[in-house]
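Here's the structure we're looking at; comments come further down.
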Amino acid sequence: MTPLRLILVGLGARSRTWARVISENPDTQIVAACDPDPAARARAAEAWPGLPIGRNIADVIGTAADAVVLATPPGGREAQIEAACAAGLAILAEKPLADDVALAARYVEMCEDAGIHLIVGLNFRYLAVTQAMRSLLREGAIGRPEFGRFIYERWRDGTQDWLNKYPLEMDHPMLWEQSIHHFDLMRYVYETEPVRIQAHTFNPSWTMYRGDTNVAALIHFENGMCVTYQGTWQAGHEPMNFNWRTDGSEGITVQRAMFGDLAWGKRMQTDLTEVPLPPHEAWITDAAALLRMFVATCRGAPPECTGRDHLQSLYMLEACILASERQGSVEIEEVAQAAQSRGGHAV
Ligand SMILES: NC(=O)c1ccc[n+]([C@@H]2O[C@H](COP(=O)([O-])OP(=O)(O)OC[C@H]3O[C@@H](n4cnc5c(N)ncnc54)[C@H](O)[C@@H]3O)[C@@H](O)[C@H]2O)c1
């Protein structure tokens with residue numbers, strides 16, 4: 001079978017992962033790329049001699065291709081989505097799909113109307129640790145899961161060279177750039193949808209970010225799960241503290257690192273049982289698996305991580321923002337309705 005021909009849109013930090021996993025997958029190839037930054041284009045021209053490289057998607061959309069990979073900042077993707085829809089190219093878009101829920105809802109509608117796949121890059125779903133935790137809960141290893149605690153405490157020095165810079169000026173960078181992964185993981189692993197959120201977002205006095213980097217939330221799900229969430233990019237200590245514990249009627253699961261370290265046990269079992277996980281390379285194994293899913297989808301397999309599914313996680317973000325402003329509780333239904341009426345017809 002001929003490789004899936006991809007146009008890589010955006011040649012910044014995240015594109016490096018995509019460039020590598022695309023080049024290592026015999027089923028995929030980069031046929032064109034674009035970025036408004038001349039330095040990024042120069043690097044790409046050196047890496048891929050002879051490849052069409054433009055300033056924006058309009059410059060390269062005429063290249064014979066099957067799909068586009070959007071590794072651009074989430075704000076300002078209108079022209080990219082429109083161009084892909086008009087050309088009938090499937091889209092693999094980095095998370096979050098947009099920096100506004102109504103706009104994201106509109107993108108979903110546009111792609112559905114155009115009959116193209118819109119897949120969002122939720123790579124953490126494809127980690128072995130995520131799959132293993134989901135299986136444990138499904139199999140009833142800890143009885144009926146009813147509450148959880150998700151902690152992500154990280155000192156993210158946003159001025160470092162290898163990191164993107166736009167989050168420094170974003171509204172709610174923690175929610176849009178980071179918590180989006182966590183909220184997606186909760187929905188995916190617990191296999192349920194959010195109903196209601198209470199939240200408080202803020203910045204510590206020492207923050208280097210304009211928008212809030214701290215999120216404290218209490219999240220209620222349809223199946224009765226209740227999750228206490230604490231996320232920050234401006235933690236007072238390095239290394240990062242990642243800890244996701246789930247309590248069930250008969251025991252607990254606990255993930256103690258972002259890419260692995262999963263254990264579980266019954267209530268009276270003092271020493272938890274470690275779950276063996278296959279070796280992985282952080283950021284690569286997960287993105288490679290996500291890419292394989294995208295290729296399979298383009299060849300007829302049922303899609304995962306669709307834009308429509310992703311809207312539920314975006315509603316959680318918006319609910320956190322509103323709940324913090326109101327110092328109250330926000331129903332997901334309210335956020336969904338508002339996004340639908342601003343973004344297009346029924347979502
Ligand atoms: N899934 C993950 O684990 C993960 C990790 C990092 C970043 N991301 C996501 O990847 C996306 C990009 O982040 P990044 O870290 O690469 O940011 P970045 O700022 O380092 O790179 C973005 C690049 O896009 C280019 N760009 C801007 N507008 C463009 C346009 N209209 N057309 C083409 N290129 C354009 C910029 O010039 C820049 O080179 C974001 O959505 C981010 O959240 C995901």
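Among residues belonging to region 91-107 that are among the aliphatic types (A, V, I, L, M) and surrounded by fewer than 24 Cβ atoms within 10 Å (Cβ to Cβ), point out the one that is farthest from Ala71 (Cα to Cα). Step through it out loud before you land on a result.
From region 91-107, those among the aliphatic types (A, V, I, L, M) are 91-93, 97-98, 101-105; that's our starting set.
Right, trim to surrounded by fewer than 24 Cβ atoms within 10 Å (Cβ to Cβ) and you get 102-103.
On the way: Ala102: 20, Leu103: 17 Å.
Taking the candidates together, the pick is Ala102.
For (1) of a type in the set (Asp, Glu); (2) assigned to a loop (DSSP other than H, G, I, E, B); (3) out of contact with any helix residue (DSSP H, G or I) (no Cβ under 7 Å at 6 or more places or on another chain); (4) touching a residue at least 40 places away in the same chain (Cβ under 8 Å), each residue gets a yes or a no:
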residue: Trp244; (1), (2), (3), (4): no, no, yes, yes
residue: Asp247; (1), (2), (3), (4): yes, no, yes, yes
residue: Leu262; (1), (2), (3), (4): no, no, no, yes
residue: Asp271; (1), (2), (3), (4): yes, yes, yes, no
residue: Phe294; (1), (2), (3), (4): no, no, yes, yes
Task: Test for Pro52: is it closer than 30 Å to Met316 by Cα, open to solvent by 50 Å² or more (accessible area, probe 1.4 Å) and modelled with pLDDT of 95 or more - done: no
Open item on the list: Restricting to region 76-90, name every residue that is open to solvent by 20 Å² or more (accessible area, probe 1.4 Å), assigned to a loop (DSSP other than H, G, I, E, B) and more than 9 Å from the ligand (Cβ to nearest atom).
Closed with: Gly88
Open item on the list: For region 312-332, which positions are under 15 Å from Leu175 (Cβ atoms) and either open to solvent by 30 Å² or more (accessible area, probe 1.4 Å) or of a type in the set (Asp, Glu) (or both)?
Closed with: Gln312, Glu318, Leu322, Glu325
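Let's see how each residue does on (1) within 16 Å of the ligand (Cβ to nearest atom); (2) in a strand (DSSP E or B):
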{"site": "Gly62", "(1), (2)": "yes, no"}
{"site": "Thr72", "(1), (2)": "yes, no"}
{"site": "Leu92", "(1), (2)": "yes, yes"}
{"site": "Asp99", "(1), (2)": "yes, no"}
{"site": "Ala102", "(1), (2)": "no, no"}
{"site": "Arg125", "(1), (2)": "yes, no"}
{"site": "Ala132", "(1), (2)": "no, no"}
{"site": "Leu137", "(1), (2)": "no, no"}
- [ ] Would you check if there is a residue in region 189-205 being under 21 Å from Leu127 (Cα atoms), surrounded by 18 or more Cβ atoms within 10 Å (Cβ to Cβ) and not hydrophobic (A, V, I, L, M, F, W, C)?
- [x] yes
- [ ] Return a yes/no flag: does region 117-129 have any residue that is more than 30 Å from Ala263 (Cα to Cα) and surrounded by fewer than 20 Cβ atoms within 10 Å (Cβ to Cβ).
- [x] yes
Open item on the list: All but one of (1) open to solvent by less than 50 Å² (accessible area, probe 1.4 Å); (2) outside any helix (DSSP H, G or I) hold for Val335; state the number of the condition that does not hold.
Closed with: (2)
- [ ] Can you tell me which residue within region 20-44, out of those that are away from the ligand (no atom under 11 Å from the Cβ), in a helix (DSSP H, G or I) and touching a residue at least 24 places away in the same chain (Cβ under 8 Å), is nearest to Lys165 (Cα to Cα)?
- [x] Arg20
Open item on the list: Go through region 19-37 and report how many residues are open to solvent by 30 Å² or more (accessible area, probe 1.4 Å) and either over 16 Å from Val9 (Cβ atoms) or of a type in the set (D, E, K, R) (or both).
Closed with: 6
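The values are calculated or read from the model by the stated rules, or taken from the named source; none is laboratory data. Small disclaimer: the values here were computed from a predicted structure and weren't measured. Because the Cβ atoms are built from the backbone with ideal geometry, glycine has one as well, and the counts that use them run over all protein chains shown. These area figures cover heavy atoms from the full protein model, side chains too; ligands, DNA and RNA do not enter into them. Shrake-Rupley method; radii C 1.70, N 1.55, O 1.52, S 1.80 Å.
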